[in-house]
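To start, the structure itself, in structure tokens.
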Amino acid sequence: MTMNMVDIIRKKRDGYVLSREEFAVWVQGAVKGEVPDYQSSAMLMACFLRGLNEDETFDLTMEMLHSGDVFDWSDLEGTVVDKHSTGGVGDKTTLILAPILAAGGLKVAKLSGRGLGHTGGTLDKLESIAGLSVDIPEAKFRAQVRDIGIAVGGQTAELAPADKIFYSLRDVTATVDSIPLIAASIMSKKLAIGADALVLDVKYGSGGFMPTAADARRLAEAMIDIAKKAGHKATALITPMNQPLGMAVGNALEIAEAIDVLENGTGARDLVTVVLSLAAELFYNGGKAESREAGLELAKQLLESGVARDKFYEMVKAQGGNLDFSRLPKAPLVVPVTTPKAGFIAGMDALAVGRTALELGAGRRVKTDVIDPAAGLVLYKKCGDYVDKDEIIATIHCRDARQAAAAAVMLSGVIRIEGEAPEAEAMVADIVE
Ligand code: URA
């Protein structure tokens, strides 16, 4: 019996469970252009409203994964690891984490993306280093991973093309925020990279992808379930994004902060904690440490000893970047933001801070926007810190005085100062394995 797309849509619409074969008809048909966008849109809405059980979510993911190229690292000696973050504000973890992992003997083949909206992209950040290229042909990318254990580049192969089709339809049909669809979307791309061990950083809070830790946990469980069924080792950390991660938001500014952490072996507590915790998972799952605790110790030692810093330099050099970081782009205007009163920083809406940086030119509103690598902001205080009245709490980096003034007003409006110190937030709220 040949399966008809209308019957498959009707079956899901009426709440029945779909088979792998039925997902195959849809996904393969969509990629070949035989299933039109209006039928895929109807299917996505049916999946959104009726939900997908664990097996269906897995089957959909597998079909999406096999809709394009799948990397094979079996010719490579060593354990290939990968990390995925659901995105946040000031999230420069990859820049510090990847060299730590490579310094510890793991192979890091990181395909990253560009920023859109209030979340930044690792590629944009790296490109603020003079000469550094992220457009690495596949053969060179593989050779770099083999020879120095680390490469961070953009996507050249066609990974999960079905996701590209479905994601652009979900974006305009109000079907993005469905846990099974998000899990299938992310995991189809991640599994196509073919890492032996994967760690997911699922963020919640005002600047995170999911509103609450409980939602983030549900998404993490759905993704880990897929990884397990596919035979991959994966764990997920649930981490807060209620204030920017670390101090800097903006491309060159974040690179500078990441280099600072690598050079000094330390930095903002929240940033370093997340980086070391992610590293611990991969050292443990990638067979370099007997336990999570031992993985954490190894990560700390590689960061503090400067071995990770040297690995970062090696990567920059291999990708054509200039190691004279004093040449990072700098904004002509650096405007201080001062506190209106004394007290403890009780909150800092991460989304609003991210949007402020976006307005300054650090991000893209639409894909075709050109970013200003020098633009952004640097915070000097974090939640829980005490500040005096008129103390400089941040600096705004941009080209235009009017823009700077508007950003300063916006920023002082989103930093809440209160009489009592807030309760400290755990940087790793949960681990899903
Ligand atoms: N990111 C993705 O890659 N896919 C989603 O569905 C949501 C976020």
Would you mind listing the strands (runs of 3 or more DSSP E) fully within segment 336-433 where at least 3 residues are surrounded by 15 or more Cβ atoms within 10 Å (Cβ to Cβ) and at pLDDT below 95?
343-348
Just checking, does segment 31-47 include any residue being of a type in the set (Asp, Glu) and either in the same structural domain as residue 178 (by TED's automatic domain parsing) or not in a helix (DSSP H, G or I) (or both)?
yes
If you go through 94, 173, the only one that is at negative phi, at pLDDT 95 or above, within 16 Å of the ligand (Cβ to nearest atom) and out of contact with any Pro (no Cβ under 6 Å at 6 or more places or on another chain) is 94
With 165, 224 as the choices, which residue is surrounded by fewer than 23 Cβ atoms within 10 Å (Cβ to Cβ), away from the ligand (no atom under 11 Å from the Cβ) and within 16 Å of residue 56 (Cα to Cα)?
224
Give the number of residues within segment 226-259 that are in contact (Cβ under 8 Å) with a residue 12 or more places away in the chain and out of contact with any strand residue (DSSP E or B) (no Cβ under 9 Å at 6 or more places or on another chain).
3
Out of segment 33-64, which residues are touching a residue at least 40 places away in the same chain (Cβ under 8 Å), among the hydrophobic types (A, V, I, L, M, F, W, C) and more than 15 Å from residue 222 (Cβ to Cβ)?
44, 45
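A quick yes/no check of all residues on (1) open to solvent by less than 10 Å² (accessible area, probe 1.4 Å); (2) within 24 Å of residue 357 (Cα to Cα); (3) within 16 Å of the ligand (Cβ to nearest atom):
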{"site": "87", "(1), (2), (3)": "no, yes, yes"}
{"site": "98", "(1), (2), (3)": "yes, no, no"}
{"site": "114", "(1), (2), (3)": "no, yes, yes"}
{"site": "120", "(1), (2), (3)": "no, yes, yes"}
{"site": "127", "(1), (2), (3)": "no, yes, no"}
{"site": "134", "(1), (2), (3)": "yes, yes, no"}
Evaluate segment 178-198: report whether one residue or more is assigned by TED's automatic domain parsing to the domain that holds residue 132, within 21 Å of residue 89 (Cβ to Cβ), at pLDDT 95 or above and away from the ligand (no atom under 13 Å from the Cβ).
no
Checking the conditions here, which among 81, 70 is more than 16 Å from the ligand (Cβ to nearest atom), hydrophobic (A, V, I, L, M, F, W, C) and in a strand (DSSP E or B)?
81
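The values are calculated or read from the model by the stated rules, or taken from the named source; none is laboratory data. Because the structure is a prediction, the values reported are computed rather than measured. Using ideal geometry, Cβ is built from the backbone for each residue, glycine included, and neighbour counts are taken over all protein chains shown. Just the protein is used for accessible areas: all its heavy atoms, side chains included, with ligands, DNA and RNA removed. Shrake-Rupley method; radii C 1.70, N 1.55, O 1.52, S 1.80 Å.
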